[in-house]
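*Asks:* Structure in structure tokens, see below.
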Amino acid sequence: MVDGFIKVAAATPKIKVADTVHNADEITSLILEADSAGAKIIVLPELCITGYTCGDLFLQDKLLREARKALYQIAESTKNTDALVFAGLPVEQNQKLYNVAAVFKSGEILAFIPKKNIPSYGEFYEARHFAPGTGSIKSQIPFGTDILFTCDNVEGLVVGCEICEDVWGADTPGTYHALAGADVLVNLSASNDLVGKDTYRKELVKATSARLLAAYVYASAGDGESTQDVVYSGHNIIAENGTVLAESAPFTTGILYTEIDVQKLCMERRRMTTFVPENTGSHLIIPFHYGRTGETQLTRTFNRMPFVPADENTRTRRCEQILSVQANGLRKRLEHTGAKAAVIGISGGLDSTLALLVTVRAFDALGLERNAIKAVTMPCFGTTDRTYDNACRLTKACGAELIEVDIKKSVLQHFTDIGQNPDNHDVTYENGQARERTQVLMDIANKTDGLVIGTGDMSELALGWATYNGDHMSMYGVNAGVPKTLVRHLVRYYADTCNHQELESVLLDVIDTPVSPELLPPEKNGKISQKTEDLVGPYELHDFFLYYMLRCSYPPSKVYRIAVQTFQGEYDADVILKWLKTFYRRFFAQQFKRSCLPDGPKVGSVALSPRGDLRMPSDACARIWLDELGQLSK
């Protein structure tokens, strides 16, 4: 269970109603199969040893005795497995009948967890047979609702259990389990299939896992249950903190697998100050031990662009929402300051294009004329015809005023003043141009009673790929919360929805242009010579690193592990390691630029503002992070 990944399984056997012998064989087979696949927690449906739909047969002493016998047979047959198993059966205790989850491992019955919320309506008239579980009952085997299972050799793993209706009610045992420390919740269910119920069930499990900052393993009854009045589809779901990791197809039997990340769940609870544990001492803690704790083979996938929704419809909605957040943030700033103009350095690249589009939206919302937007193109040594033409075409298509300021003479004069050789294409050569451009923008803003709109994006801020007091500075940075991988999709969305042929044409060409600061002279054929991703690495990698390092607090070796899996076939492991080292080195070294960041709107769960999202000292050392990556090189 290296890196906190633990394989879990939700298993639905094909049962026969009241045939405990058959059911025991089926359940045993599934447990052995799941264990051989590496599952460490296995959850089976509610009352699966007898079948959920036995009706008044639950009052038969014969069925109850055979169910208990079958349980012990299953435990004995799986004593050489290493999984913590949850299986449902009816159990008599103190002359009352309970719907329980039997919890066992390596042949030993650890506890019985009774269902708390017993339905007494419609086809679910369980109250006819079962008493509600409350608290604990004296028993040779621990029996009660307030029981948790803690692994003594996997840090942070605490498991709680509830049964079917327990999660549908207002007073859920899972809530108390989570507040008492459980970060993995299991649910043994027998939920029938109705029109629309699968969607509601999925959303319930998803929302419960999010609300409780937990993993949730839901196993439901399926094939073999009586279809006298209702049908059971075997709808199994595994969710983690609001994300459905795996879901079975309807009307299937068998095993649903995935891996949950206990390390991440523990981090989320540390981060979430409103999640306050309640150590009341009322829970009985039962320890268990895994005999085999190696590296879990991962089958779950990680979005290679975690800031960009994979689903097209979701991505479309997200793009519209982000553009609205950006535009309304700027609208408020313009309105508050009484600015008469907006000044943007327009380069023909993606970031300045997005900033201009956002500014157009803000002006339209305020009812201001678009010609008060001053789009300033400032050609210099590295400007290419392609980007220059796109800047001009874009400005005209948006209805903004184009101002051209050729800064070559100013920069050369500055080089003369400071003794810089123009043939020395070092950092002074590059940054001198960037700072001259910022000076021009600031002065035009003063002249027009306007605000300078920042164009730099969040990925550049993470890497410090901005000239301090150059493109690093503005009066409002509309792109500060948008990572580079998302900028391209926002511009593409605008192109697809603008209903303006010329604007769409230029936007598509901007999208196709290599990312570059254009601070070095172009190649002899006039093409861009300075490509950012050749220098600092692919932005799709850096955005991936940024998300899992900041949002999930993954250590470097874990980020590396999932990056190698995610980008297999695109980047070699040594290439990923090279750029990951670059990421950590630059991220720490460049914090001083983020510490004096201009205002700008947050649009997602990851942001770098020093005023709220990243309280990081500018002189923090990257040593221990880089040392861990150094160990991967050996």
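*Asks:* Once the convex hull of the alpha carbons of the chain is built, what does its volume come to per residue, in cubic angstrom?
*Replies:* 178
*Asks:* Given charges of +1 on the Cβ of Lys and Arg and -1 on the Cβ of Asp and Glu, with all other atoms neutral, how large is the dipole of region 2-287 about its Cα centre, in debye to the nearest 20?
*Replies:* Roughly 400 debye for region 2-287.
*Asks:* So if each residue of separation counts as 0.36 nm, and I subtract the Cα-Cα distance between Glu570 and Gln420, what length gain in nm does that give?
*Replies:* Full-extension gain reported as 49.9 nm.
*Asks:* What FRET efficiency would be calculated for the residue pair Asn469, Glu404, taking the C-beta separation as r and a Förster radius of 22 Å, to the nearest 0.05?
*Replies:* Plugging the Cβ-Cβ distance into 1/(1 + (r/R0)^6) gives 0.40.
*Asks:* Now a separate question. In what order do His472, His22, His489, His500 fall by count of nearby beta-carbon atoms within 10 Å, going from fewest to most?
*Replies:* Taking fewest neighbouring Cβ atoms as first place, the list is His500, His22, His489, His472.
*Asks:* Tally Lys/Arg at +1 and Asp/Glu at -1 over every other residue whose Cβ is under 10 Å from the Cβ of Gly107; what's the total?
*Replies:* Summing Lys and Arg as +1 and Asp and Glu as -1 gives 0.
*Asks:* Relative to the longest principal axis of the C-alpha atoms of the chain, give the angle of the C-alpha long axis of helix 350-366, reported between 0 and 90° and rounded to the nearest 10°.
*Replies:* So the helix axis and the longest Cα principal axis differ by about 90 degrees.
*Asks:* Can you give the Rg to Rh ratio for region 438-550, taking only C-alpha atoms and Rh from Kirkwood?
*Replies:* Answer for region 438-550: 0.99.
*Asks:* If neighbour count is taken as other Cβ atoms inside 10 Å, put Ile49, Ile453 in order from fewest to most.
*Replies:* Ile49, Ile453
*Asks:* Of Arg128, Arg386, Arg594, how do they rank once you tally other Cβ atoms within 10 Å and put the fewest first?
*Replies:* Going from sparsest to densest Cβ surroundings: Arg128, Arg386, Arg594.
*Asks:* Moving to a separate point now. In terms of modelled amide H atoms, which long-range or inter-chain residues lie less than 5 Å from the amide H of Gly477?
*Replies:* Gly454, Asp599, Gly600
*Asks:* Rounded, prolate or oblate, given the Cα gyration tensor of region 495-623, with a/c below 1.5 counting as rounded?
*Replies:* prolate
*Asks:* Sticking with this structure for a sec: If you take the beta carbon distance between Asp534 and Leu412 as r and set R0 to 22 Å, what does 1/(1 + (r/R0)^6) give as a FRET efficiency, to the nearest 0.05?
*Replies:* Working from the Cβ atoms, E equals 0.25.
*Asks:* Here's a follow-up. Mind putting a number on the dipole of region 50-123 about its Cα centre? Charges go on the C-beta only, +1 for Lys and Arg and -1 for Asp and Glu, and I need it in Debye to the nearest 20.
*Replies:* Around 140 debye, computed over region 50-123.
*Asks:* From the C-alpha coordinates alone, can you work out the Kirkwood hydrodynamic radius of region 106-185, in Å?
*Replies:* Evaluated on region 106-185, it is 13.7 Å.
*Asks:* Given a Förster distance of 60 Å, report the FRET efficiency between Leu626 and Glu502 from their Cβ-Cβ distance, rounded to the nearest 0.05.
*Replies:* E between Leu626 and Glu502, to the nearest 0.05, is 0.80.
*Asks:* Just need the relative contact order of region 312-536 here, percent rounded to a whole number, with Cα pairs under 8 Å and 6+ apart.
*Replies:* Relative contact order, region 312-536: 25 percent.
*Asks:* What is the distance in Å between the Cα centres of region 568-634 and region 15-60?
*Replies:* First find each Cα centre; the distance between them is then 49 Å.
*Asks:* To continue, here is another question. From largest to smallest, what semi-axes in whole angstrom does region 299-438 give when each is the square root of 5 times an eigenvalue of its alpha carbon gyration tensor?
*Replies:* Computed over region 299-438, the values are 33, 23, 14 Å.
*Asks:* Right, something else. Considering region 312-536, what Rg and Dmax in Å follow from its alpha-carbon atoms?
*Replies:* 16.8, 56
*Asks:* Assuming a viscosity of 1.306 mPa s and a temperature of 10 °C, what translational diffusion coefficient in µm² per second does Stokes-Einstein assign to region 2-287, Rh being the Kirkwood radius over Cα pairs?
*Replies:* Result for D is 86 µm²/s.
*Asks:* Over 30 Å between Cα atoms: which of Lys264/Lys332; Lys527/Lys578; Lys7/Lys138 fall into that group?
*Replies:* Lys264/Lys332; Lys7/Lys138
*Asks:* While we're looking at this one, here's another question. Once Rh for region 548-634 is found with the Kirkwood sum over Cα pairs, what is the Stokes-Einstein diffusion coefficient at 37 °C and 0.692 mPa s, in µm²/s?
*Replies:* My calculation gives 230 µm²/s for D.
*Asks:* Please state the charge dipole magnitude for the chain, taken about the Cα centre, from unit charges on C-beta atoms (+1 on K and R, -1 on D and E), reported in debye and rounded to the nearest 20.
*Replies:* Roughly 1100 debye, rounded to the nearest 20.
Only the coordinates and a few stated rules stand behind these numbers; no lab work does. Predicted model only: the values in this text are computed from it and were never measured. Glycine gets a Cβ as well: all are built from the backbone with ideal geometry, and neighbour counts include every protein chain shown.
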